[in-house]
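Enquirer: Take this structure first; my questions come after.
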Amino acid sequence: MIDWWLLRDIASWVLIVVGSAAVVTGALGLVRFPDFYTRLHAAGVTDTAGAELIIFGMMLQAFSPEYGNGWLIFAKLGFIAVFLGLTSPVATHAIAHAAWMVGFRPLVGARLRYDEDGE
């Protein structure tokens, strides 16, 4: 017979670990990428995807036998997931648009390899 609690635990921990790995990858992208726009892309995509995966993992954990009926926790986490899924990409776009409007342009071509002095 299938142990559904074990299956749920495995699925939730896979989601939490993959989401955490995505967030760490985004943090490394913030350090390693060369300019503002690529760093913003790394932060925006991994923040949204990683946080959503972690929340989905927590939603599966809401129905643990220790907590009893976890519908309230599940619903709250669902609202957080929807709010984060809608606001994070919009905030990333707003930041990128504001940077573009004030004249902050992305680095292209040879400018990626050299300092402003050309060395």
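Every read-out reported here was derived from the displayed coordinates using simple, explicitly stated rules and does not represent laboratory data. Computed from a predicted model, the values in this text were never measured in an experiment. Counting neighbours? That spans all protein chains shown, and the Cβs are built from the backbone with ideal geometry, glycine included.
Enquirer: Cβ neighbours within 10 Å, averaged per peptide: list 101-108, 9-16 in order, most packed at the top. Kindly include the intermediate steps, with their values, before the conclusion.
Expert: Numbers: 101-108: 10.0, 9-16: 15.5.
Highest mean packing first, the order is 9-16, 101-108.
Enquirer: Taking only C-alpha pairs under 8 Å that are 6+ residues apart, what is the relative contact order of the chain in percent?
Expert: Working: 107 pairs, mean separation 32.3, N = 119.
Normalised by residue count, the contact order of the chain is 27 percent.
Enquirer: Between Ile2 and Asp35, what is the label-to-label distance in nm when each label sits 7 Å out along the Cα-to-Cβ direction?
Expert: 5.0 nm
Enquirer: Taking 0.36 nm per residue of sequence separation and subtracting the Cα-Cα distance, how much length would be gained by fully extending the chain between Trp71 and Trp100, in nm to one decimal?
Expert: 6.1 nm
Enquirer: A follow-up question, please. Please find, in a Gaussian network model of the chain (springs between Cα atoms separated by less than 10 Å), the residue of Leu53, Leu86, Leu77 whose mean-square fluctuation is greatest.
Expert: Comparing Leu53, Leu86, Leu77 in a Gaussian network model of the chain, the most mobile one is Leu86.
Enquirer: Could you list Val18, Val31 in order of exposure, starting from the residue whose Cβ has the fewest other Cβ atoms within 10 Å? Please list the in-between numbers first.
Expert: On the way: Val18 16, Val31 8.
Sorted ascending by nearby Cβ count, the order is Val31, Val18.
Enquirer: May I ask for log10 I(q)/I(0) of the chain at q = 0.10, 0.15, 0.23 Å⁻¹, from a Debye sum over the Cα atoms as equal point scatterers with solvent left out?
Expert: -0.45, -0.78, -1.24
Enquirer: Related question: In Å and from the alpha-carbon atoms only, list the Rg and Dmax of segment 14-65.
Expert: Computed over the Cα atoms of segment 14-65, radius of gyration and Dmax are 13.0, 48 Å.
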